[in-house]
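Student: Have a look at this one.
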Amino acid sequence: MDFSFEEIMGRGGQQKKRRVVISGKRDTNALSAILAARDRGWIDPVACGCSLSGLGKEMDVHFADSDMLKARQHALRLLEQGEADALLDMGPSNNRLFSVIDETLTHTKKSHLLSYVSVFRAPKNGRITLLTDTLINSKPGLKEKIEIVENAIRVGKGLGISQPKIAALGPLELVNLSIPSTLDAAMLSKMSERRQFGGAIVEGPLAMDNAESALAARHKGIESPVPGNVDIYLFPDLESANITAQFLGFLGSFQLGGVLAGTRLPIIIRSSLESPDSWLLNIALGLVVNRGI
Amino acid sequence: MYRNFEEIANRARSLGPKRAVILFPDDTDVMQATIEGMKEGLIEPVLVGEKEHIAAVAHQNGETPGGMEIINQRNPQQAANLCLDMVIRGEASFVVKGNILTTYLYRALIKATRQLAPDQTPCTLCFHQAPSMNKIFIITDPGVNIQPGLTTKKQTLTNAIQVLRSLGCDNPRVMTLAADHIDEKPSIAEDHGARLKRMADKGLLGPCTIAEAMNLPDLFAGHCIEADLLPDIFLVPNIEAGNILVKTTDHLMGGVRQCVTVGAGLITLTPSRSDGYEARMGNLALGLVLAEACKRG
């Protein structure tokens with residue numbers, strides 16, 4: 001089941017046009033999505049850096065002599081100073097990009113550690129559903145997972161999910177001392193019981209079959225509002241999250257979108273999990289999630 | 001090679017009945033599948049567990065307790081060991097897990113494998129049929145080994161390749177799955193994947209073709225791939241990724257999954273405890289076909 005740019009944008013209500021600064025390596029698919037978003041009146045793009053200097057016909061190009069790193073730094077500063085409302089980086093979305101973001105954005109513009117949220121429509125109920133962290137933190141410990149959960153809750157809120165139900169996944173529903181992710185999940189679950197995540201409910205550890213079916217969960221003695229109603233899947237680590245998203249996107253033919261979370265300002269990227277024609281969707285997601293700013 | 005579970009079920013009907021030993025069948029779904037399996041001529045069941053419980057559940061499902069052989073053993077570990085011993089002695093073709101924690105069966109199988117084939121390690125093979133794929137594929141190992149090292153992964157792949165070959169897939173296509181991550185340094189999963197590919201190229205894993213790509217974005221790299229060219233075996237980095245992935249494939253992608261755990265050629269059927277009657281019937285059919293194939297191999 002796919003969703004559209006219009007639908008996501010519709011969730012944000014009437015929006016003012018955003019000034020978007022573009023960095024990274026020139027990418028044809030990204031460019032056509034940027035132009036489409038501009039033609040719809042959503043964004044006003046400005047490019048940054050020498051690799052985008054050929055875009056002069058389409059938009060203003062700043063810092064046309066700068067290499068990619070410098071251009072990214074310039075772009076982030078424009079964002080930080082309020083000269084731009086959002087940044088779109090055409091890629092590559094790798095550690096270098098995330099390091100520059102980490103180093104350049106000051107504390108006030110960063111809420112948390114960076115994490116990535118994949119978005120798809122659950123086949124069972126058609127609801128927008130989030131998977132995290134599918135790209136950035138490879139072996140998150142409990143401390144990181146708390147921030148990953150908070151980031152995802154924020155993305156969920158931006159998409160209209162006010163009190164998300166979160167499944168902290170594991171290979172089984174019992175705490176197993178040999179499997180640290182089951183301990184993390186149990187801890188997050190307890191924190192949520194004490195309302196440390198506000199109105200969001202974290203349940204875990206849950207195996208994917210318990211998460212997907214209230215009946216299967218009850219069969220195992222789990223009484224919770226989360227099974228069968230999951231808004232956010234929190235994975236044990238990057239391998240499990242990314243591989244699961246790969247299967248959904250490439251073998252399950254679900255359309256995936258993605259949101260970079262942990263910054264207070266929209267930074268729009270595309271990971272390899274999303275198909276190249278998902279740029280427009282990612283633009284919509286980035287703008288809508290951060291619409292309050 | 002079988003393209004779907006219906007082909008496996010058809011083949012199973014031509015092979016039955018075989019003696020199957022059912023471990024703790026004191027659950028309605030397990031018992032129903034056992035009785036139906038018997039009536040359809042797939043299995044001649046031997047039931048192992050607490051005799052009174054088993055008889056009561058059989059009675060609830062309309063079967064006279066005298067109609068099936070029951071071995072009384074209420075200790076779960078001893079019952080699991082007994083089931084494996086029966087298969088080793090040739091008194092049954094395969095074990096079916098009933099209402100019991102899988103750990104007991106894994107322990108019994110690990111012990112048996114160590115005795116019969118010390119260079120092997122048991123692993124769970126999940127057979128999948130998914131709407132978008134025109135063939136059955138395997139994901140391994142989502143069950144036995146929590147954080148397998150290179151040697152265990154080699155043994156897992158060798159095992160999976162052997163099982164698929166016995167089912168008629170002569171040169172299985174293998175993908176060693178890893179996250180498509182953002183670091184420049186290869187991850188442990190990628191490092192293992194590269195080493196396994198070198199081993200396979202030297203013929204150390206049996207006839208197979210390991211894909212260069214270790215993630216689906218790289219495998220597809222901007223184009224569609226025909227089902228035949230998709231991997232037959234996906235090796236996952238660890239139990240967490242494996243377990244979540246196999247359950248995603250059936251629960252979110254609308255597929256069908258059948259799990260078996262194999263070591264030293266011993267077949268144990270390890271359905272999820274939440275699997276219903278139909279899934280368990282399909283599981284029996286797979287058990288029959290595998291028991292026959294591995295015997296021939």
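A short reminder: the numbers here are calculations on the coordinates, not readings from a lab. These numbers were taken from a predicted model, which means no experiment stands behind them. Cβ sites come from the backbone with ideal geometry, for glycine too, and all protein chains shown count toward neighbours.
Student: Points 7 angstrom from Cα along the Cβ direction at B:R89 and A:H219: gap in nanometres?
Tutor: So the label points at B:R89 and A:H219 sit 3.3 nm apart.
Student: Using unit Cβ charges (K, R positive; D, E negative) and no other charged atoms, how large, in debye to the nearest 20, is the dipole of the protein assembly as shown about its Cα centre?
Tutor: Computed about the Cα centre, the dipole is about 520 debye.
Student: Which value does Rg/Rh take for chain A over its C-alpha atoms, Rh per Kirkwood?
Tutor: Radius of gyration relative to Kirkwood radius: 0.99.
Student: What ranking of B:M281, B:M214 emerges when the number of other C-beta atoms within 10 Å of each C-beta is taken as an exposure proxy, fewest first?
Tutor: B:M281, B:M214
Student: Could I have the simple spin-label model distance between A:Q196 and B:S132, label points 7 Å from Cα toward Cβ, reported in nm to one decimal?
Tutor: Label at A:Q196, label at B:S132, 3.7 nm between them.
Student: Turning to a different aspect of this structure: How high is the FRET efficiency from A:D67 to B:H59, r the C-beta distance, R0 56 Å, rounded to 0.05?
Tutor: Calculated value: 0.10.
Student: Over chain B, with a Gaussian network built from C-alpha contacts below 10 Å, which listed residue (B:D218, B:D170, B:D183) shows the highest mean-square fluctuation?
Tutor: B:D183
Student: Using only the alpha carbons of the range A:5-110, what is the convex hull's orientation-averaged projected area in square nanometres?
Tutor: 6.9
Student: B:N171 to B:R13: FRET efficiency via 1/(1 + (r/R0)^6), r the Cβ-Cβ distance, R0 25 Å, to the nearest 0.05?
Tutor: 0.30
Student: In vacuum, with every alpha carbon of the protein assembly as shown counted as one equal point scatterer, what does the Debye formula give for log10 I(q)/I(0) at q = 0.09, 0.11 Å⁻¹? Two decimals, please.
Tutor: Each listed q maps to, in turn, -0.72, -1.00.
Student: What is the projected area of the convex hull of the Cα atoms of the range B:32-177, averaged over all directions, in nm²?
Tutor: 10.9
Student: Dipole of the range B:28-126, Cα-centred, from +1 at each Lys and Arg C-beta and -1 at each Asp and Glu C-beta, to the nearest 20 debye?
Tutor: Charge dipole of the range B:28-126: 420 debye, to the nearest 20.
Student: To continue, here is another question. Which value, to two decimals, describes the C-alpha radius of gyration of chain B once divided by 2.2 N^0.38 Å?
Tutor: The reported ratio for this selection is 1.00.
Student: Which of B:V236, B:Q115, B:I43 sits closest to the plus end of the dipole of chain B, meaning its Cα is farthest towards the positive end, when Lys and Arg get +1 and Asp and Glu get -1 on the C-beta?
Tutor: B:Q115
Student: Fewest Cβ neighbours within 10 Å first, please rank B:T249, B:T270 accordingly.
Tutor: Arranged by neighbour count, lowest to highest, B:T249, B:T270 become B:T270, B:T249.
Student: Return the ratio Rg/(2.2 N^0.38 Å) for the range B:42-108, where Rg is computed over Cα atoms only.
Tutor: 1.10
Student: Now for a different question. To the nearest 500 deg cm²/dmol, what mean residue ellipticity at 222 nm is calculated for chain B from DSSP H runs of n ≥ 4 alone, each contributing -39,500 (n - 2.57), summed and divided by the residues?
Tutor: -14000 deg cm²/dmol
Student: Would you please give the residues with an amide H less than 5 Å from that of B:L125, counting only those at least 5 places away or on a separate chain, with H modeled from the backbone geometry?
Tutor: Amide H to amide H, under 5 Å and 5 or more residues apart or across chains, B:L125 pairs with B:V260, B:T261, B:V262.
Student: How big is the Cα convex hull of the range A:54-100 in projection, averaged over all directions, in nm²?
Tutor: 3.6
Student: Next question, about the same structure. For chain B, modelled as a Gaussian network with Cα springs under 10 Å, which listed residue fluctuates most, B:L230, B:L116, B:L164?
Tutor: Taking springs between Cα atoms under 10 Å, the residue moving most is B:L116.
Student: For B:E184 and B:A227, compute 0.36 nm times the residue count separating them, minus their Cα-Cα distance, and round to one decimal in nm.
Tutor: 12.4 nm
Student: Assuming R0 = 35 Å, what is the FRET efficiency of A:S253 and A:L177, from their Cβ-Cβ distance, to the nearest 0.05?
Tutor: Approximately 0.35, to the nearest 0.05.
Student: A further question follows. How long are the three semi-axes of the equivalent ellipsoid of the range A:115-247, in whole Å, if each is the root of 5 times an eigenvalue of the C-alpha gyration tensor, listed from largest down?
Tutor: 18, 17, 15
Student: Could you list the residues of the range A:35-54 with an amide nitrogen less than 13 Å from a label point located 7 Å from the Cα of A:E83 in the Cα-to-C-beta direction?
Tutor: Only A:46-49 pass the distance filter.
Student: Can you sort A:M187, B:M86, A:M208 so the residue with the fewest Cβ neighbours within 10 Å comes first?
Tutor: The most exposed by this proxy come first: A:M187, B:M86, A:M208.
Student: Round to the nearest 10 and give me the degree value, 0 to 90, for the angle of helix B:51-60's Cα axis relative to the longest principal axis of chain B.
Tutor: Once rounded, one gets 90 degrees.
Student: With unit charges on the beta carbons (Lys and Arg positive, Asp and Glu negative) and the dipole taken about the Cα centre of the protein assembly as shown, which residue among A:G257, A:N137, B:L101 sits farthest to the positive side?
Tutor: Checked the options; the winner is A:N137.
Student: Straight-line reach from B:K111: which lysines have a Cα under 27 Å away, not including same-chain ones fewer than 8 places off?
Tutor: Filter leaves B:K18, B:K51, B:K97, B:K153, B:K154, B:K295.
Student: What residue among B:A227, B:A92, B:A112 shows peak mean-square fluctuation when chain B is described by a Gaussian network model with Cα springs under 10 Å?
Tutor: Top of the fluctuation ranking is B:A227.
Student: For the range B:241-253, take each phi angle, set θ = phi - 60°, evaluate the Karplus expression 6.51 cos²θ - 1.76 cosθ + 1.60, and give the result in whole Hz per residue in order, putting x for glycine and proline.
Tutor: 4, x, 5, 5, 5, 5, 6, 5, 4, 8, 6, 9, 9
Student: Express the C-alpha Rg of the range A:106-158 as a ratio against the empirical globular expectation 2.2 N^0.38 Å, rounded to two decimals.
Tutor: So the range A:106-158 has a normalised radius of gyration of 1.24.
Student: Considering the zone a paramagnetic label at B:R195 would reach in this model (a point 7 Å from Cα along the Cα-to-Cβ line), which residues of the range B:226-247 have amide N under 15 Å from it?
Tutor: Of the residues in the range B:226-247, B:237-238 have backbone N under 15 Å from the label point off B:R195.
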